[in-house]
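The values are calculated or read from the model by the stated rules, or taken from the named source; none is laboratory data. The model shown is predicted, which means the values in this text are computed figures rather than measured ones. Methodologically, a virtual Cβ is constructed for each residue, glycine included, from the backbone with ideal geometry; neighbour enumeration extends over all protein chains shown.
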């Protein structure tokens, strides 16, 4: 099965949903590590949308990338609540531990405002992070 055929299959699996574009984009991002221009073209064709409409959604949301990045990713919340709980003081240590091996991605709210600083790796949320806990998380990635 070609990549385009797999993307068409993903589109078909979500076609019955009301507003299937976002679930499709998430599924493509998860499976291929990115939503590139070719994926946008296939999705647009499958949903009878213009490529510009699909690209507008892809470029609006930070979850989607145009190129795959094989490094593990840790999303670190740097919104106001986590800032108030000290996230900025522990970022430099996390960046040093990450080096080029782990991608640290800034996000704005993981929904753990009362127990920040918070981060997410994969589907797992981590709360009440201090410098040592965040560095340990980065090293475990």
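Residues of segment 82-97 that are in contact with a helix residue (DSSP H, G or I) (Cβ under 7 Å, 6 or more places away or on another chain) and either surrounded by fewer than 17 Cβ atoms within 10 Å (Cβ to Cβ) or closer than 22 Å to residue 30 by Cβ (or both): 93 alone. If you go through segment 106-117 one residue at a time, do you hit one that is without any contact (Cβ under 8 Å) to a residue 12 or more places away in the chain, surrounded by 14 or more Cβ atoms within 10 Å (Cβ to Cβ) and out of contact with any helix residue (DSSP H, G or I) (no Cβ under 6 Å at 6 or more places or on another chain)? Looking through segment 106-117, none of the residues is without any contact (Cβ under 8 Å) to a residue 12 or more places away in the chain, surrounded by 14 or more Cβ atoms within 10 Å (Cβ to Cβ) and out of contact with any helix residue (DSSP H, G or I) (no Cβ under 6 Å at 6 or more places or on another chain). Residue 102 fulfils the conditions (1) surrounded by 17 or more Cβ atoms within 10 Å (Cβ to Cβ); (2) touching a helix residue (DSSP H, G or I) at 6+ places or on another chain (Cβ under 6 Å); (3) under 30 Å from residue 16 (Cβ atoms) except for a single criterion, (3).
Total residues in segment 19-63 satisfying the condition of being in a loop (DSSP other than H, G, I, E, B) and closer than 26 Å to residue 121 by Cα: the figure is 8. Among the residues of segment 5-18, are any crowded, with 16+ Cβ neighbours inside 10 Å and assigned to a loop (DSSP other than H, G, I, E, B)? No; the residues of segment 5-18 include none that is crowded, with 16+ Cβ neighbours inside 10 Å and assigned to a loop (DSSP other than H, G, I, E, B). Tell me yes or no: at least one residue of segment 57-64 is at pLDDT 95 or above and buried (at least 16 other Cβ atoms within 10 Å of the Cβ). Checked segment 57-64: at least one residue is at pLDDT 95 or above and buried (at least 16 other Cβ atoms within 10 Å of the Cβ).
Comparison of 76, 17, 47 shows that the only residue that is touching a helix residue (DSSP H, G or I) at 6+ places or on another chain (Cβ under 9 Å) and in contact (Cβ under 8 Å) with a residue 40 or more places away in the chain is 76.
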